[in-house]
Structure formats: structure tokens, C-alpha cells
Amino acid sequence: MAKFTTWDGLELNYTVWEGEGVPVVLQHGIVADTNANWMSVGVVAALRRAGRHIISLDARGHGRSEKPHDAARYSWQFMADDVRALFDELGLDRVALVGYSMGGIISLLVASADKRVERLVIGGIGCGVVDCGGIDWRVIQAADIVTAMTGDGSDAAPQARMFRTLADALGADREAIAEVAAGINEAPIENLSAITIPTLVLAGDADPFAAEPERLAAALPDGRCVVVKGDHLAAVADPAFSTALVDFLA
């Protein structure tokens, strides 16, 4: 594990596993962190078996990174800028970028603006990107996540209570997560046509947040789609998820 200071003075944590080839940069979903989203479910292990050089970033407000309790410190663009700042920090000139859920939206923003990204994998998102410009707010509102992180969370919508349960299991800073949700209450994706690199869309067959992933893949100039078993939390743990990811990046 290591830390660096990003563009606006926040200290962010990242982890590196040395290996070969173009570095694979991982960006997790909301509430989660490097361990929960990538290590504990076998994704890092699968990439290491393939001999890959891996870098995983804990997003601002998450994991071992700094967690300001101020919604003004969070936005989609801020977190995309953090990923690009990590590229700069490590002197990376070529990367394969992998993002899940919140991290998938962040990764789309990075890939649309940064030519260092040569290959892209996005998981846990689907047609909401096409229809809503980002997270599918037809399924969950940012305010629902804020409610879930406040008090005992009992007033939250069922889909949001899942994130409260995850936050409590991980010992996450619920106040920071609430501010993250408040800060990303926008639709950041305006045009997918600029993302011309090979892109894999990975989704669980029971994930309401990643409905109709084939429509997202079709909207990308060089997109393809693989559906695995599981809901939003379980899909990334399906061995088929890691297999598809490793095969695509190879």
C-alpha cells in the first residue's frame, strides 16, 4: 500500500502488485474499497495468476483514502481526475482500466479523456448509462443512499439498504459515503462515441443496477458484453467474471 496527494490536496491510498504487461488499474464501486471489490472476491488473484501488473485505487471517501465530510469535495469529475492523477504519479503511459459500479462510471469518464487508456472493462452498470447518463437513478436515487447512511437506515429504500449493510460490514465511514452520494447526484456521461478503445461490459444476470448491459455495449464503438451469474454484490465474485476480465485483457 502507498499514498499520494492528488490534485486538490487529498491523500489517497493505492496498492500495487508487480507483474508484467500493460498495468491494470482497478477502480471500485461506492462503499467498497480495494479489498472488498477486488481482493476478497478473487479478481486480484486471477490477474496475478495471469502475471499482470496491478494497481488498485481507493477512491476519495473510501477505504484507506482521506474521507472529507463535505459533498463539495466529491463529484464524478473529481474522482476521474484522481485516477488520471494516479497515472501521473506512477508515470504510467499505457493502462488497462477496470471499474465496477461507481468505478465503471468513473472509468468511462477517464477513458473518454485520456489516451493512456488502451483497453477498458466496466462492470455493474448497464442501460442506465445510455438512458440516464450514468447510474440508473430509475433504480436508486442518490438521496436514497444518503438516507441509508443516516441514522439506522431503516427509512431507506430496499435497494439502498443493501449499501448500508455493506458499509456496516466493511466499517466504512457512513457520513463520508453520504457526502459522496450527495456529490455525485448528476448525469456525467454525455457521449459514448468518443470511447473507441476495446471495451468489455460485465454484468450480473440478477443485477438491477446493470439492466440490459448489451445496450451499453452496443452504444460503444468497440463494445462487447458478457453476462455472469449474480446480483450487484455477487456478480463480481462469480469466477466467470474474473475469467472474462483476464481473457479480455490478454
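Each reported figure results from applying straightforward, stated rules to the coordinates on display, with no laboratory input. From a predicted model like this one, the values you see are computed outputs, not experimental measurements. No Cβ is skipped: glycine too gets one built from the backbone with ideal geometry, and neighbour counts run over all protein chains shown.
Within the shell defined by Cβ-Cβ distances under 14 Å, the residues around residue 125 carry a net charge of -4, with Lys and Arg each +1 and Asp and Glu each -1.
Rg/Rh for the chain (Cα atoms only, Rh after Kirkwood) is 0.93.
The Cα trace of the range 117-241 gives Rg and Dmax of 15.2, 44 Å, the first to one decimal, the second as a whole number. Between residue 17 and residue 39, residue separation times 0.36 nm minus the direct Cα-Cα distance comes to 6.8 nm. Within a Cβ distance under 15 Å of residue 93, other residues only, what is the Lys/Arg minus Asp/Glu net charge? Net charge in that neighbourhood comes out at +1. Pairs of Cα atoms nearer than 8 Å and 6+ residues apart set the relative contact order; for the range 146-250 it is 19 percent.
Rounded to the nearest Hz, the phi-derived 3J(HN,Hα) couplings of the range 136-147 under the Karplus curve 6.51 cos²θ - 1.76 cosθ + 1.60 (θ = phi - 60°) are 6, 6, 6, 8, 8, 9, 4, 4, 5, 5, 4, 4, where x marks glycine and proline. Working from label points 7 Å from Cα in the Cα-to-Cβ sense, the residue 222 to residue 190 distance is 2.5 nm.
Couplings for the range 24-35, taken from phi via the Karplus curve 6.51 cos²θ - 1.76 cosθ + 1.60 with θ = phi - 60°, read 9, 9, 10, 10, 7, x, 4, 6, 6, 7, 4, 5 Hz in order; Gly and Pro are left as x.
Other residues within the sphere of radius under 14 Å centred on the Cβ of residue 240, judged by their own Cβ, net out at -3 (K and R +1, D and E -1). Measuring from a point 7 Å past the Cα of residue 2 along Cα-to-C-beta, which residues in the range 74-114 have an amide N at less than 18 Å? 82-96, by backbone N distance to the label point. Our summary gives the range 1-72 a relative contact order of 39 percent, counting only alpha carbon pairs under 8 angstrom and 6 or more residues apart. Measuring nothing but how far apart in sequence close Cα pairs (under 8 Å, 6+ apart) lie, relative to its length, the range 99-144 scores a relative contact order of 36 percent. When only alpha carbons are used to place a centre, the range 55-102 and the range 14-35 end up 11 Å from one another.
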